[in-house]
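The values are calculated or read from the model by the stated rules, or taken from the named source; none is laboratory data. All of these numbers come straight from a predicted model, not from anything done at the bench. Counting neighbours? That spans all protein chains shown, and the Cβs are built from the backbone with ideal geometry, glycine included. Just so you know, the surface numbers come from the protein's heavy atoms only, side chains and all, with ligands and any DNA or RNA stripped out. Shrake-Rupley method; radii C 1.70, N 1.55, O 1.52, S 1.80 Å.
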Amino acid sequence: MSQESRPSDVAYISVESFTLGSVPPVIKSIELLGGQEDGKTLHFGLDLDMFLDASSLVLEIKLSSLSYSLLPSTKLSVSLIDMQLSLDASVTVMPEFPFISSLNLSLYKLPSCNIRIVPLSENSGLRGVDLGSLPVLSTWIQDAIETSLEAYISPKYISLDIPYWLYGTENESVQTEQVQFDSS
């Protein structure tokens, strides 16, 4: 989270644990948009539904203002992540295993996202209350999610070097470049 988007009364936010759960995203549709002339890169459009009901992100938050300085840090659980994603994807193939040398993913548009945020601290009077449903916090959370995801809206993308993820060595054949997705 950037310093600009963090509320001024928060000293730090740290991730204590993160679990994706066991339910994979559901591909609603996939469309082949074309490929490069060399035949090594294919472009796709994907629509995904992600309902990660068993997911869990536990954050530790410490308030920083003078009036809150004596308060202990508190833990929040972010769960029930529900998103609908429209993605542009390009896959570069190679002749040897793992057969995919790179995967570029870009959001076609900002996704709608619903989450549940619950305090975990025993001494919190708000234990069990979904803070994400409170109007001011809900707006701040949605703005923070949108600001974070704007960095991946097409033509910007995230590039994954698959052999690096599998073996820890960089694939020299993978080049990072702006990918232009053509939907015609």
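Check GLY39 against each of (1) modelled with pLDDT under 90; (2) touching a strand residue (DSSP E or B) at 6+ places or on another chain (Cβ under 7 Å); (3) at positive phi and name the one condition it does not meet.
Just one mismatch for GLY39, condition (2).
Go through segment 95-110 residue by residue and tally those that are touching a Ser or Thr at 6+ places or on another chain (Cβ under 9 Å) and open to solvent by less than 30 Å² (accessible area, probe 1.4 Å).
5
Given LEU80, LEU85, which one is modelled with pLDDT of 85 or more, within 25 Å of ASP130 (Cβ to Cβ) and surrounded by 13 or more Cβ atoms within 10 Å (Cβ to Cβ)?
Criteria check complete, one pass: LEU85.
Quick check on this structure: which one of SER173, SER148 is of a type in the set (Gly, Ala, Ser), within 30 Å of THR41 (Cβ to Cβ) and modelled with pLDDT under 85?
Values: SER148 fails: modelled with pLDDT under 85.
Testing whether each residue is of a type in the set (Gly, Ala, Ser), within 30 Å of THR41 (Cβ to Cβ) and modelled with pLDDT under 85 leaves just SER173.
Counting only residues that are of a type outside the set (Val, Ile, Thr), under 24 Å from LEU85 (Cα atoms) and either touching a helix residue (DSSP H, G or I) at 6+ places or on another chain (Cβ under 7 Å) or open to solvent by less than 70 Å² (accessible area, probe 1.4 Å) (or both), how many does segment 111-130 have? Break it down stepwise before answering.
Kept after step one, since they are of a type outside the set (Val, Ile, Thr), are these residues of segment 111-130: 111-114, 116, 119-128, 130.
If we keep only those that are under 24 Å from LEU85 (Cα atoms) too, we end up with 111-114, 116, 130.
Those left that are additionally either touching a helix residue (DSSP H, G or I) at 6+ places or on another chain (Cβ under 7 Å) or open to solvent by less than 70 Å² (accessible area, probe 1.4 Å) (or both): 111-113, 116, 130.
Total satisfying the criteria: 5.
I'd like to verify a number: residues in segment 92-149 that are in contact with an Asp or Glu (Cβ under 7 Å, 6 or more places away or on another chain) and touching a residue at least 40 places away in the same chain (Cβ under 8 Å), how many?
Number satisfying all stated conditions: 6.
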